[in-house]
Number of protein chains: 2
Amino acid sequence: MPTELVAALDIGGTKIAGALVDRRGGILVRARRPTPAREDGETVMRAVEEVLAELAAAPRWASVRAVGIGSAGPVDAARGVVSPVNIPGWRDYPLVERVRRASGGRPVTLVGDGVAMTAAEHWRGAARGHDNALCLVVSTGVGGGLVLDGKLHTGPTGNAGHIGHVSVDLDGDPCACGSRGCVERIAGGPHIARRALDNGWRPGPDGDVSAAAVAAAAHAGDPVALAAFERAARALAAGIAATAALVELDIAVVGGGVAGAGGVLFAPLRRSLREYATLSFVRDLTVVPALAGTDAGLLGAAAAAGGPDREPAAPAA
Amino acid sequence: MPTELVAALDIGGTKIAGALVDRRGGILVRARRPTPAREDGETVMRAVEEVLAELAAAPRWASVRAVGIGSAGPVDAARGVVSPVNIPGWRDYPLVERVRRASGGRPVTLVGDGVAMTAAEHWRGAARGHDNALCLVVSTGVGGGLVLDGKLHTGPTGNAGHIGHVSVDLDGDPCACGSRGCVERIAGGPHIARRALDNGWRPGPDGDVSAAAVAAAAHAGDPVALAAFERAARALAAGIAATAALVELDIAVVGGGVAGAGGVLFAPLRRSLREYATLSFVRDLTVVPALAGTDAGLLGAAAAAGGPDREPAAPAA
């Protein structure tokens, strides 16, 4: 009898990735489309359906028993709908029902992308073995998820751990979400790059003004680039310390493109955390880079869908 | 056979309250001392012992089977010690063992005061029937506690829900905890009063410069007093919105002496919450005053100690 599989979808503002995932988190088949994020909702859905069709063309599709979706948020897992900030064509979009129809009626589980990444890090990454963990994805946006008392804490609608829209500067700059001074408004990649530019950093001959280019400059010792990452690190530290004060954490796991900057982010992050996380029960909190890598979204979606290795063993044939 | 009772202690930076509490949350005997918060640890402990001695003088003391303590935090429930920010003489102070000795060896349960208040509000107050709630105590300090998925979430050391030391202003004023811009540093009673004084408010002939006096001035329309409460409300709103983004909440319950200011706090709090809690899954969050009143700390300490109404019925004589 063949091993049962889960089909996983990782839906973001840039790409829609899909995979067939086995019991141990191995990825057997992949498919991928760019997200037509500025198009209408049906056009975006067509890209999702193309990814599913490509997966369904694989012979192993017959072993797929469920579909897991990690989507850019906010999501509403209770109602099966999504309203991703970066995909305006989807507002209360019935993604769960549409994916169910496109996958031959298989059961579908929906979580936010931050929760998916957290499921992956807790299953196979840096949060493994930790009962109280916050996992962050720091890239264009800032997402996250929580493990509390050893279990994924999704909240009723699947959005818990939404650290990107925690305000750490109540008088700060307006955020796209409508609030102000949010962690994402300071530590998201485009905001790091803008801060560097505003303070006089200039890109190299290639004209690259991404956060990655600012990170390269910081590694080369550019003080303005270093200061931009230090500011992002402070915002992340304040947000992580806030989470620790609210739920008690023993580890914070930081992944995503901006975390790829490495030491220029992690060194000031650990320094700032000592400044903000002062109470006895939060002082020993450690911060580590994520391990699950770019497949975290897919692995986490698979884990959230029951996780191939979490279901009871199949009965003998 | 007489009903069994619990002795409850509510220990804060201003007062030490004690009571004998029955199975239904009725308070039968009370005792109270001011907290000698600036004195050495043994002097503070003497005040606790005096409260216990007064309770022990009551004939019903013989029916007390356990002691519950709600203490200003941080506490360490796992080790039985406390280090309240506002009681410098107590650092890793072995409160559980000292109270056990002072109560004839009865079993002692320790929780943070915010967790105690939350237990009371979830048991008999405004959070009753809510599965995801944040309860706040806003007085000299700002404490809190969480109900998640229908259960009290204490965290491993009993400090979860510590909203007072969530930084909502990462560049803000230094807080007694060592961090900066904490909710308590802005919304705690003495900080409200200081802000009003710094901005030109002057007390009446009685010289009362408490937050309650500022509240009275605010009710009379004093713009500086109103602004001081509005600032506190903004900090509380940012902290409540942060908590909702992190764990998903359906209600926030606000109690404590400063909450007694009523509309001059709650009106700007609800207004500010609309500004900070913008995401779809936090937008419907409601804020209500606590119901358990000034006895919340005592009732919650009793509830945490097994709760007189939570133990199995006494066997028939």
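The values are calculated or read from the model by the stated rules, or taken from the named source; none is laboratory data. Keep in mind it's a predicted model, so treat the numbers as computed, not measured. Here Cβ is always computed from backbone atoms with ideal geometry, including for glycine, and neighbour counts include all displayed protein chains.
All of (1) touching a residue at least 60 places away in the same chain (Cβ under 8 Å); (2) under 25 Å from B:Ile11 (Cα atoms); (3) touching a helix residue (DSSP H, G or I) at 6+ places or on another chain (Cβ under 8 Å); (4) not small (Gly, Ala, Ser) hold for B:Pro190 with one exception: (1).
Yes or no, residue by residue, for (1) among the aromatic types (Phe, Trp, Tyr); (2) at pLDDT 95 or above; (3) buried (at least 22 other Cβ atoms within 10 Å of the Cβ):
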{"position": "A:Asp208", "(1), (2), (3)": "no, yes, no"}
{"position": "A:His219", "(1), (2), (3)": "no, yes, no"}
{"position": "A:Ala228", "(1), (2), (3)": "no, yes, yes"}
{"position": "A:Leu236", "(1), (2), (3)": "no, yes, yes"}
{"position": "A:Ala244", "(1), (2), (3)": "no, yes, yes"}
{"position": "A:Asp250", "(1), (2), (3)": "no, no, no"}
{"position": "A:Gly263", "(1), (2), (3)": "no, yes, no"}
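The set of residues from region B:183-221 being farther than 30 Å from A:Tyr276 by Cα and of a type in the set (D, E, K, R) comprises B:Arg202, B:Asp206, B:Asp208. When the test is whether a residue is exposed (fewer than 15 other Cβ atoms within 10 Å of the Cβ), more than 25 Å from B:Leu136 (Cβ to Cβ) and either in contact (Cβ under 8 Å) with a residue 60 or more places away in the chain or of a type outside the set (Asp, Glu) (or both), B:Ala56 does not pass it. Restricting region B:248-282 to residues that are within 12 Å of chain A (Cβ to nearest Cβ) and touching a His at 6+ places or on another chain (Cβ under 7 Å), the residue that is farthest from A:Gly73 (Cα to Cα) is B:Asp250. Against the criterion of being within 14 Å of chain A (Cβ to nearest Cβ), out of contact with any Leu (no Cβ under 7 Å at 6 or more places or on another chain) and small (Gly, Ala, Ser), B:Ala242 qualifies. Looking at region B:174-189, is at least one residue away from every other protein chain (no Cβ under 13 Å) and surrounded by 18 or more Cβ atoms within 10 Å (Cβ to Cβ)? Yes - at least one qualifying residue is present in region B:174-189. Among the residues of region A:151-161, those identified as closer than 13 Å to A:Val247 by Cβ and in a loop (DSSP other than H, G, I, E, B) are A:Gly155, A:Ala160, A:Gly161. When the strands (runs of 3 or more DSSP E) confined to region A:58-149 are screened for residues that are away from chain B (no Cβ under 14 Å) and under 15 Å from the mean Cα position of the chain (by Cα), those reaching at least 2 such residues are found at A:64-71, A:133-138. A:Gly172 meets the conditions (1) over 19 Å from B:Leu170 (Cα atoms); (2) without any contact (Cβ under 8 Å) to a residue 60 or more places away in the chain; (3) touching a helix residue (DSSP H, G or I) at 6+ places or on another chain (Cβ under 8 Å); (4) part of a loop (DSSP other than H, G, I, E, B) in every case but one. The failed one is (1).
Evaluate region A:243-251: report whether one residue or more is in a loop (DSSP other than H, G, I, E, B) and of a type in the set (Asp, Glu). Looking for residues that are in a loop (DSSP other than H, G, I, E, B) and of a type in the set (Asp, Glu), one finds at least one in region A:243-251, hence yes. Just one of the listed residues (B:Ala17, B:Ala47) is within 24 Å of B:Arg124 (Cβ to Cβ), of a type in the set (Gly, Ala, Ser) and in contact with a strand residue (DSSP E or B) (Cβ under 6 Å, 6 or more places away or on another chain), namely B:Ala17.
Checked against (1) assigned to a strand (DSSP E or B); (2) in contact with a Pro (Cβ under 9 Å, 6 or more places away or on another chain), B:Thr43 meets all criteria but (1). Can we say B:Ala133 is hydrophobic (A, V, I, L, M, F, W, C) and touching a Ser or Thr at 6+ places or on another chain (Cβ under 8 Å)? Here the answer is yes, as B:Ala133 does meet what is asked.
Filtered by the rule that a residue be buried (at least 16 other Cβ atoms within 10 Å of the Cβ) and not hydrophobic (A, V, I, L, M, F, W, C), region B:66-87 gives B:Gly68, B:Gly70, B:Ser71, B:Gly73, B:Pro74, B:Asp76, B:Gly80, B:Ser83, B:Pro84, B:Asn86.
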